[in-house]
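Chemist: Can you keep this structure in mind? I'll have questions shortly.
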Amino acid sequence: MTATQRAVELVEIAAAAAADKLASDIIAYDVSEQLVITDAFLLCSGSNDRQVRAIVDEIEEKLRKAGVRPVRREGEREGRWVLLDYLDVVVHVQHAEERVYYSLERLWKDCPRIPLPEPVGAGGPAAGGSAGTGGTAARGQR
């Protein structure tokens, strides 16, 4: 089983929204073989708490326009690691320090990556950047 087309579509919308707010290290994984609760994870980083919140707000707005709302939100108060659960997709927006510390990429490295359109997919760990080191999907694109 692979991620549904709808899950991939939501990942692309969320990734583009994150890139609009200059999120770094944007990566998506198809976790449908490993988890029954969701099809895909989207991971991205912000350099500070304020940017994390801005990324979350933009993702929520763009996905709301696509007709979906999160069924669960966690971590918003602290602004260090915010989880948005859209059932088909779970979005993790992490402060760069948390991204390095928790290294979710290491946990999900055996899952297939979902390709993201350029420039969103540029700058993630597989593209030569690494979490928390400034690899970015959108910086320099404006």
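Chemist: Roughly speaking, what is the stretch gain from Glu33 to Arg113, that is 0.36 nm per residue apart minus the C-alpha to C-alpha distance, in nm to one decimal?
Modeler: Using 0.36 nm per residue and subtracting the Cα-Cα distance, I get 27.6 nm.
Chemist: Next question. Give me the extension gain from Arg53 to Glu78: residue separation times 0.36 nm, minus the current Cα-Cα distance, reported in nm with one decimal.
Modeler: Taking Arg53 through Glu78 to full extension adds about 8.0 nm, to one decimal.
Chemist: Here is a further query. Could you pull out every one of the lysines with an alpha carbon less than 26 Å from that of Lys109, ignoring same-chain neighbours closer than 8 positions?
Modeler: Of all the lysines, those that pass the test against Lys109 - Cα under 26 Å, at least 8 places apart if same chain - are Lys21.
Chemist: Given R₀ = 35 Å, what would the calculated FRET efficiency be for Lys65 paired with Glu97, taking r from the Cβ atoms and rounding to 0.05?
Modeler: About 0.65, to the nearest 0.05.
Bear in mind these aren't lab numbers, they're just calculated from the coordinates by the rules spelled out. What you see is a predicted model, and the numbers here were worked out from it, not measured in a lab. Methodologically, a virtual Cβ is constructed for each residue, glycine included, from the backbone with ideal geometry; neighbour enumeration extends over all protein chains shown.
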